[in-house]
Amino acid sequence: AQKITQTQPGMFVQEKEAVTLDCTYDTSDPSYGLFWYKQPSSGEMIFLIYQGSYDQQNATEGRYSLNFQKARKSANLVISASQLGDSAMYFCAMREGDQAGTALIFGKGTTLSVSS
Amino acid sequence: GAVVSQHPSWVICKSGTSVKIECRSLDFQATTMFWYRQFPKQSLMLMATSNEGSKATYEQGVEKDKFLINHASLTLSTLTVTSAHPEDSSFYICSAYGTRSTDTQYFGPGTRLTVL
């Protein structure tokens with residue numbers, strides 16, 4: 001079974017609108033971390049936001065927020081007020097266990113296209 | 001600014017030659033480095049984990065004799081693709097974990113390898 005599932009290969013949104021990118025995860029470890037990365041066409045991986053499994057509140061970073069629903073094992077990324085520069089590939093990733101130096105498991109990604 | 005660098009950023013080589021890719025942590029000591037591989041429009045797949053001063057741990061299906069990893073110092077890990085073939089053409093990305101953050105791994109900008 002896939003550990004990280006991103007069901008939306010592509011998403012389209014207009015500038016200034018909000019968009020939600022879906023991510024579900026599967027782990028039996030009670031301690032884990034969830035990440036979202038943005039990958040523009042240049043290929044670099046840009047860290048956006050992090051949510052720990054024991055965090056009580058949803059993480060927020062500027063225009064990015066993570067809608068963490070632990071019981072449903074979902075960690076959707078919400079981008080508010082989309083900008084043209086948000087067009088990129090977005091990856092959800094998970095680190096299992098409480099050791100930060102553990103490799104990340106990535107989903108297949110969602111391509112976001114923002115139009116004017 | 002970038003905290004992990006990769007060199008070269010792109011390389012084209014002939015089939016049968018070996019290519020070395022460097023991954024450096026610029027302002028912290030990286031006790032663990034990860035090497036990922038990414039085919040076009042696909043996810044990042046972990047190839048191996050390297051800890052400074054010890055042998056790398058390879059993921060299932062990754063040939064350790066073909067992809068040689070050396071983590072000789074706390075700031076440098078190298079990936080050597082030996083006897084490269086066109087099917088090795090891919091985007092190779094490293095990430096590093098160490099003394100800079102307790103939660104986050106830092107990704108390098110990636111190296112695009114094309115084998116003719």
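The number of residues in region B:80-110 that are free of Cβ contacts under 8 Å to residues at least 60 places away in the same chain and under 15 Å from A:Ala103 (Cβ atoms) comes to 2.
Summed over region B:10-48, residues that are of a type in the set (Lys, Arg), buried (at least 17 other Cβ atoms within 10 Å of the Cβ) and part of a loop (DSSP other than H, G, I, E, B) total 0. In this structure, A:Tyr50 does satisfy being surrounded by 13 or more Cβ atoms within 10 Å (Cβ to Cβ) and either among the aromatic types (Phe, Trp, Tyr) or in contact with a Cys (Cβ under 7 Å, 6 or more places away or on another chain) (or both). For region A:94-110, the tally of residues that are at the interface with chain B (Cβ under 8 Å from one of its Cβ atoms) and out of contact with any Asp or Glu (no Cβ under 8 Å at 6 or more places or on another chain) stands at 7.
Among the residues examined, B:Tyr58 does not qualify as crowded, with 17+ Cβ neighbours inside 10 Å, at pLDDT 95 or above and under 17 Å from B:Pro109 (Cα atoms). Among the residues making up region B:19-53, those that are over 27 Å from A:Gln6 (Cα atoms) and at the interface with chain A (Cβ under 9 Å from one of its Cβ atoms) are B:Thr31, B:Thr32, B:Asn51.
Against the criterion of being within 13 Å of chain A (Cβ to nearest Cβ), part of a strand (DSSP E or B) and either over 12 Å from the mean Cα position of the chain (by Cα) or without any contact (Cβ under 8 Å) to a residue 40 or more places away in the chain (or both), B:Leu68 does not qualify. The set of residues from region A:1-48 being of a type in the set (A, V, I, L, M), under 16 Å from A:Ser74 (Cα atoms) and modelled with pLDDT under 95 comprises just one member, A:Ala1.
Within region A:16-33, one or more residues are surrounded by fewer than 19 Cβ atoms within 10 Å (Cβ to Cβ) and free of Cβ contacts under 8 Å to residues at least 40 places away in the same chain.
Each row is one residue, and each column tells you yes or no for (1) charged (D, E, K, R); (2) more than 14 Å from chain B (Cβ to nearest Cβ); (3) within 25 Å of B:Phe91 (Cβ to Cβ).
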| position | (1), (2), (3) |
| --- | --- |
| A:Glu15 | yes, yes, no |
| A:Ala18 | no, yes, no |
| A:Cys23 | no, no, yes |
| A:Thr27 | no, yes, no |
| A:Ser31 | no, no, no |
| A:Ile49 | no, no, yes |
| A:Gln57 | no, yes, no |
| A:Ile79 | no, yes, yes |
| A:Ser87 | no, yes, yes |
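Within region B:71-116, the set of residues being assigned to a loop (DSSP other than H, G, I, E, B), modelled with pLDDT under 95 and more than 10 Å from every other protein chain (Cβ to nearest Cβ) comprises B:Leu74, B:Thr75, B:Thr99, B:Arg100.
If you go through region A:90-101 one residue at a time, do you hit one that is farther than 26 Å from B:Phe39 by Cβ, assigned to a strand (DSSP E or B) and of a type outside the set (Asp, Glu)? Scanning region A:90-101 turns up no residue that is farther than 26 Å from B:Phe39 by Cβ, assigned to a strand (DSSP E or B) and of a type outside the set (Asp, Glu).
The values are calculated or read from the model by the stated rules, or taken from the named source; none is laboratory data. Nothing here was measured: the structure is a model prediction, and the numbers come from that model. Cβ coordinates were reconstructed from backbone atoms using ideal geometry, including for glycine residues, and neighbour counts include every protein chain displayed.
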